[in-house]
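K.L.:
Can you read through this structure? Questions will come right after.
The values are calculated or read from the model by the stated rules, or taken from the named source; none is laboratory data. Given the structure is predicted, the values throughout are model-derived calculations rather than measurements. FYI the Cβ positions are ideal-geometry reconstructions off the backbone, even for glycines, and counts take in every protein chain you see. Surface accessibility is based on the protein's heavy atoms, side chains included, excluding ligands, DNA and RNA. Shrake-Rupley method; radii C 1.70, N 1.55, O 1.52, S 1.80 Å.
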Amino acid sequence: MDPIEVFKALSNESRLQILQWLKEPEKHFVPHEGIDMRKIGVCVSQVTEKLKMTQSTVSQYLSILQRAGLIKTERIGKFTYYKRNEEKIREFAAFFNSEL
């Protein structure tokens, strides 16, 4: 985990919002049929609709969060699903608590 990358990823209101929504996806998104959002995640189209932004912008935001280690992806068919990487988030929280 690179703390600078995490801070950069969290420095954008929309990216921070995505991470917050993914904490409780069932409260913020309508699931794809047969997909457990807690286990599998949410699709970029679901996030795009919620943010009311272009898919390319949302994809870029998700990519930044993924590079920072804050989210994980799973590909099923033609869809890529995103969910929080709770282990890395806890690791960052511990770093933040002990170092700052």
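K.L.:
Please work out the average accessible area per residue across region 32-74, using the 1.4 Å probe convention, and give it in Å². It would help to have the intermediate numbers written out before the result.
P.N.:
Numbers: 2440 Å² over 43 residues.
That works out to 57 Å² for each residue.
K.L.:
In whole Hz and in residue order, list the ³J(HN,Hα) couplings for region 76-90 that follow from phi through the Karplus curve 6.51 cos²θ - 1.76 cosθ + 1.60, θ = phi - 60°; x for Gly and Pro.
P.N.:
10, x, 8, 10, 10, 10, 10, 9, 5, 9, 4, 4, 5, 5, 5
K.L.:
Note down the net charge around Leu16, summing +1 for each Lys or Arg and -1 for each Asp or Glu among other residues with Cβ under 13 Å from its Cβ.
P.N.:
Counting the neighbours of Leu16, the net charge comes to +3.
K.L.:
What are the semi-axes of the equivalent ellipsoid for the chain, taken as the square roots of 5 times the Cα gyration tensor eigenvalues, largest first, in whole Å?
P.N.:
23, 15, 12
K.L.:
Under a point spin-label approximation (7 Å from Cα along Cα-to-Cβ), what is the Leu51-Lys27 distance to one decimal in nm?
P.N.:
The modelled label-to-label distance comes out at 2.0 nm.
K.L.:
Here's another thing I want to ask about it. Run the quick spin-label model on Asn97 and Gln20: label points 7 Å from Cα toward the beta carbon, then report their separation in nm to one decimal.
P.N.:
Placing both labels 7 Å beyond Cα along the Cβ direction yields 2.2 nm.
K.L.:
Next question. Nearest 10 degrees is fine. How inclined is helix 13-23 to the longest principal axis of the chain, computing both from alpha carbons?
P.N.:
70
K.L.:
Is there a pair in Lys8/Lys78; Lys50/Lys83; Lys23/Lys88 whose C-alpha atoms are over 25 Å apart, and which pairs would that be?
P.N.:
Check vs 25 Å cut-off fails for Lys8/Lys78.
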